[in-house]
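The values are calculated or read from the model by the stated rules, or taken from the named source; none is laboratory data. In this text the structure is predicted, and so the values were computed from the model without any measurement. For neighbour counting, all protein chains shown are included, and Cβ atoms are generated from backbone atoms with ideal geometry for every residue, glycine included.
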Amino acid sequence: MPRAFDLEPVLAMPLMAMLATVTDDGAPRNAPVWFLWEEGALWMPSTAGASTVRRLRHERRAAAEIVHFDNGAGVLLHVGMRGAAGVVAMQPDRFRRLLAKYLGPDEGAWNPWFIETIARIDDPDGRLIRLAPDSVFTNNVSHFRTGSALAWP
């Protein structure tokens with residue numbers, strides 16, 4: 001059976017989250033996103049015209065799934081979140097922390113093309129999606145190789 005675990009170390013890792021939203025007619029949509037876990041919420045980058053942002057303007061219900069899977073080590077940790085997501089204006093300091101999680105702490109080593117073209121910190125169109133979960137669950141199913149002895153505490 002799945003077992004709970006401390007989600008903080010997993011959310012600190014540079015993993016992808018799958019953000020699920022719904023269209024106006026109720027059709028599900030999901031997107032892989034980088035994220036930062038701060039102040040009890042997931043923060044994800046976006047722009048004002050992004051399809052996820054448009055969907056969240058009509059329906060704030062959202063879910064995120066984050067999985068840490070290391071087949072060789074026998075680790076399979078799953079974090080799920082459900083709640084209301086909102087869109088806020090870009091917060092440059094928070095966005096820098098998010099980028100550092102994935103690109104490393106040395107901004108001087110970041111790919112200039114990526115920062116100038118894709119992840120523009122000073123983009124007036126930039127937005128952050130904030131998912132404040134109403135519910136969070138964790139499942140440690142790292143026993144797929146070992147049986148009842150978990151590969152990860």
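Restricting the search to segment 7-37, which residues are in a loop (DSSP other than H, G, I, E, B) and either in contact (Cβ under 8 Å) with a residue 24 or more places away in the chain or touching an Asp or Glu at 6+ places or on another chain (Cβ under 7 Å) (or both)? Walk me through it before giving the result.
Step one: of segment 7-37, the residues in a loop (DSSP other than H, G, I, E, B) are 12-16, 23-27, 34-35.
Residues satisfying the conditions are A12, M13, P14, L15, M16, T23, D24, W34, F35.
Any residue at all in segment 67-85 that's under 22 Å from A119 (Cβ atoms), out of contact with any helix residue (DSSP H, G or I) (no Cβ under 9 Å at 6 or more places or on another chain) and surrounded by 17 or more Cβ atoms within 10 Å (Cβ to Cβ)? If you could, list the steps in order and put the result at the bottom.
Filtering segment 67-85 down to residues under 22 Å from A119 (Cβ atoms) leaves 85.
Add one more test, that the residue is out of contact with any helix residue (DSSP H, G or I) (no Cβ under 9 Å at 6 or more places or on another chain), and what stays is none.
No: zero hits.
Of all helices (runs of 4 or more DSSP H) completely enclosed by segment 45-153, which ones contain at least 1 residues that are farther than 17 Å from V10 by Cα, in contact (Cβ under 8 Å) with a residue 60 or more places away in the chain and touching a Lys or Arg at 6+ places or on another chain (Cβ under 7 Å)?
Numbers: elements: 51-58, 92-103, 112-117.
So the answer is 51-58.
Of the residues A41, A62, A12, only one is modelled with pLDDT of 95 or more, crowded, with 19+ Cβ neighbours inside 10 Å, small (G, A, S) and under 25 Å from P105 (Cβ atoms); which? I'd like the intermediate steps shown before the answer.
Numbers: A62 fails: under 25 Å from P105 (Cβ atoms); A12 fails: crowded, with 19+ Cβ neighbours inside 10 Å.
Going through A41, A62, A12 in turn, the sole match is A41.
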